[in-house]
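Everything below concerns the one structure shown next.
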Amino acid sequence: HTTPFTLLPVIVRLNQRQGLATLWKGLGSVLLVRGMSLAIEDVISKITPWPKEVSRLSTFKQWSQHLLLKSVTLAIVTPFYVASLVETVQSDIASEKPGIFDVFREGMCRLFSWGGTQRGRMLPILALVVPTVGYGVIKYAFSRIFRTTLAGTLHLKLRISQENKGALPKDSLNQAAQDIELTASMFAVLCTEVVFFPFETILHRIHLQGTRTIIDNLDSGREVVPILTRYEGALDCYTTTLESEGVAGLYKGFGALVIQCAVHFALIKVTKVLLTQASTLFRSSSPPPPTELLKRTYTEKNVKLVNRL
C-alpha cells in the first residue's frame with residue numbers, strides 16, 4: 001500500500017474481524033522498549049563523559065561522544081526492539097497473545113546469543129546490530145541537522161522581515177520564534193521518515209526473518225500468511241527486494257506512514273489550539289501572569305511531542 005487510499009479498506013476489514021484493539025497490538029512492548037532505551041542512555045551518560053544533550057554550540061568532540069552514546073544504546077536495545085516488533089506485527093487470530101514482560105524474555109534470549117551462529121533462517125544478533133545502529137544514528141543525525149538548518153533559515157527570514165518592518169511587540173516576536181521551532185520540528189520528522197522509509201523496510205524484514213511470525217495479509221485483510229524469507233543480511237535483502245519487487249517493494253506500507261503523519265500533525269494542531277484557548281481563559285479570569293511563560297509552555301510541549309513521535 002503505497003497510498004493511504006488502498007490501505008483504509010483493509011483497516012476497516014481488520015477492525016471488523018479482530019476488533020479495534022488490533023491497531024494497538026504491541027503498544028505495551030513498544031513503550032517498555034522506549035523506556036528501556038531512555039534509561040540505558042541516562043545510565044551510560046552518568047558513568048561516562050558522553051553528553052546526553054548537545055546543541056549548535058557543542059564542539060565536534062561532544063557531538064562525536066553524543067553519537068557514540070546513541071550507538072551503544074541502540075546496540076543494547078536492538079534484541080528487545082526485535083522482540084517488540086514481532087509482537088507489533090503478528091496476527092492476533094493465529095498467535096498467542098504475549099505477556100507483558102515477554103519482550104524482556106525474548107530480548108534477553110537474543111542478547112545472550114550475541115555471538116551465536118545462525119539458527120535456521122534467523123540471523124545472528126550481530127548481523128542485526130550493525131545495520132540497526134547505522135540506521136538509527138544516521139537517521140538521528142539527519143533529523144537534527146535538518147531541523148537546525150530549517151530553524152536557522154526561518155529565523156534569518158524572520159529577522160530580515162523585522163528589520164524591514166521596524167520594531168514589533170516583544171510578545172509577537174517570541175510567538176513567531178516559538179512557531180518557527182515547532183514548524184522546524186514537524187517538518188524534520190516528516191522529511192526524516194520519508195527519506196529513511198526504504199531503509200526501515202529492509203531492517204524490519206531482516207528483523208522478522210526466522211522468528212516464525214504469522215502476520216495478517218494486508219493485501220486483503222481477510223487471511224494470515226507466514227514470513228518465509230532467507231536473506232543473508234541487510235545488503236542481500238536490499239538487492240533481492242529490488243530484483244523481485246522493484247523499487248516499489250521498498251515503499252510497501254508507505255500509505256500507512258502518510259496516515260500516521262497526518263494523525264500526528266492533527267494532534268499537534270489540536271493540542272496547540274486547546275492550550276492557546278486555555279491560556280486565554282486563564283488570563284481573562286485571573287490577574288495577568290507572565291504571558292511569555294504560558295506561550296513557551298505550550299510550544300515546548302508541542303516540540304517535545306513531535307520529537308517523541
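Screening Ser84, Ser58, Ser95, Ser29 for residues that are more than 17 Å from Val137 (Cα to Cα), in contact with a His (Cβ under 8 Å, 6 or more places away or on another chain) and among the hydroxyl-bearing types (Ser, Thr, Tyr) leaves exactly one candidate, Ser58. Of the candidates Pro98, Pro79, Pro51, the single residue that is at pLDDT 90 or above and outside any helix (DSSP H, G or I) is Pro51.
The number of residues in region 45-55 being out of contact with any helix residue (DSSP H, G or I) (no Cβ under 6 Å at 6 or more places or on another chain) and not hydroxyl-bearing (Ser, Thr, Tyr) comes to 4. Would you check if there is a residue in region 28-37 being assigned by the TED database to the domain that holds Ile202 and modelled with pLDDT under 85? Scanning region 28-37 turns up no residue that is assigned by the TED database to the domain that holds Ile202 and modelled with pLDDT under 85. Inside region 237-281, residues that are small (Gly, Ala, Ser) and within 20 Å of the chain's Cα centre (by Cα) make up a count of 5. Checked against (1) at pLDDT 90 or above; (2) assigned to a helix (DSSP H, G or I); (3) charged (D, E, K, R), Arg17 passes all but a single condition, namely (1). Yes or no: Ala141 within 30 Å of Ser220 (Cβ to Cβ), touching a residue at least 12 places away in the same chain (Cβ under 8 Å) and either assigned by the TED database to the domain that holds Ile202 or part of a loop (DSSP other than H, G, I, E, B) (or both)? Spelling it out, it is not the case that Ala141 is within 30 Å of Ser220 (Cβ to Cβ), touching a residue at least 12 places away in the same chain (Cβ under 8 Å) and either assigned by the TED database to the domain that holds Ile202 or part of a loop (DSSP other than H, G, I, E, B) (or both).
The values are calculated or read from the model by the stated rules, or taken from the named source; none is laboratory data. The shown structure was predicted, so the numbers you read here are calculated from the model rather than taken from an experiment. Cβ sites come from the backbone with ideal geometry, for glycine too, and all protein chains shown count toward neighbours.
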